[in-house]
Amino acid sequence: MKKTIVYLGFGSNLGNRIENIQRAVQMLIEGNKLMLICLSNFYDNPPLGNLSQPNYINAAGMFVTKFSPFELLEQTQFVESKLGRSKVREHWASRPIDIDILIYDNVKINSDNLVIPHKEIKNRSFVLLPLLDIKRDITIPGLGKASDLANHLTLDNCKKIQNI
């Protein structure tokens with residue numbers, strides 16, 4: 001089976017947010033499910049939609065996988081479930097962990113339950129900045145360079161966390 005480079009986004013705003021992300025990464029690499037190449041810095045940012053809830057911690061990871069995009073989706077949803085994320089929730093509700101498939105090789109998918117690249121990737125500094133930590137010249141299939149996309153966003157609400 002072909003090995004593919006994939007970028008995953010991680011977010012948490014409940015419990016020990018950094019530990020939740022670290023545990024999610026660990027669960028994904030256990031048993032050689034995925035191989036971690038690089039994990040970005042962690043970023044602190046307010047929730048979307050001006051909701052009254054705790055800030056999020058976000059990060060991104062570059063992995064190698066043998067899974068198809070839909071198999072990878074199953075794996076990420078399994079990890080989310082194990083870490084306490086409920087399937088039934090309000091849009092933008094607080095959560096202990098959120099894992100998104102941001103980029104899967106140069107693949108583009110637009111199905112009912114999976115969109116790659118992630119449909120809001122170009123609008124979210126808390127996704128673009130971690131991706132740029134991993135690879136400064138990363139290109140998002142169909143959208144262009146992440147650095148160009150980030151130049152059009154307000155980045156001051158997304159703060160890199162130092163000394164973790």
(message) Taking the criterion of being hydrophobic (A, V, I, L, M, F, W, C), at pLDDT 90 or above and within 14 Å of THR4 (Cβ to Cβ), would at least one residue in segment 111-119 satisfy it?
(response) yes
(message) Looking only at segment 1-58, count every residue that is more than 20 Å from ILE101 (Cα to Cα), at pLDDT below 90 and polar (S, T, N, Q) and tell me the total.
(response) 3
(message) So, in segment 3-36, how many residues would count as being surrounded by fewer than 17 Cβ atoms within 10 Å (Cβ to Cβ) and small (Gly, Ala, Ser)?
(response) 2
(request) Starting from residues that are among the basic types (Lys, Arg) and farther than 18 Å from ASN106 by Cβ, keep the ones in segment 116-143 and report whichever is nearest to the chain's Cα centre (by Cα). (result) ARG124
(message) What's the total number of residues in segment 39-66 that are in a loop (DSSP other than H, G, I, E, B) and without any contact (Cβ under 8 Å) to a residue 60 or more places away in the chain?
(response) 6
(message) If I go through segment 109-140 residue by residue, how many of them are out of contact with any Phe, Trp or Tyr (no Cβ under 9 Å at 6 or more places or on another chain), surrounded by fewer than 14 Cβ atoms within 10 Å (Cβ to Cβ) and part of a loop (DSSP other than H, G, I, E, B)?
(response) 5
(request) Determine if segment 6-18 includes at least one residue that is under 21 Å from LEU132 (Cβ atoms), part of a helix (DSSP H, G or I) and touching a residue at least 60 places away in the same chain (Cβ under 8 Å). (result) yes
(request) Look at segment 49-66 and say how many of its residues are within 16 Å of the chain's Cα centre (by Cα) and exposed (fewer than 14 other Cβ atoms within 10 Å of the Cβ). (result) 1
(request) Of the numbered conditions (1) modelled with pLDDT under 90; (2) part of a helix (DSSP H, G or I); (3) of a type in the set (Phe, Trp, Tyr), PHE78 fails exactly one; give the number of that condition. (result) (1)
(message) Six or more apart or on different chains, Cβ atoms under 8 Å: show the pairs whose first residue is in segment 141-152 and free of Cβ contacts under 8 Å to residues at least 60 places away in the same chain and whose second is charged (D, E, K, R).
(response) PRO141/LYS108; GLY142/LYS108; LEU143/LYS122; LYS145/ASP137; SER147/ARG136; SER147/ASP137; LEU149/LYS122
(request) For residues that are over 13 Å from the mean Cα position of the chain (by Cα) and not aliphatic (A, V, I, L, M), tally how many sit in segment 1-19. (result) 8
(request) Of the numbered conditions (1) over 18 Å from HIS118 (Cβ atoms); (2) among the basic types (Lys, Arg); (3) surrounded by 13 or more Cβ atoms within 10 Å (Cβ to Cβ); (4) modelled with pLDDT under 90, ARG85 fails exactly one; give the number of that condition. (result) (1)
(request) Quick one: in segment 67-82, of everything that is out of contact with any helix residue (DSSP H, G or I) (no Cβ under 7 Å at 6 or more places or on another chain) and in contact (Cβ under 8 Å) with a residue 24 or more places away in the chain, which residue is surrounded by the fewest Cβ atoms within 10 Å (Cβ to Cβ)? (result) PHE70
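The values are calculated or read from the model by the stated rules, or taken from the named source; none is laboratory data. Note that the coordinates shown come from a computational prediction; the quantities given were computed from them, not determined experimentally. Note that each Cβ is placed from the backbone with ideal geometry, even for glycine, and that neighbours are counted across all protein chains shown.
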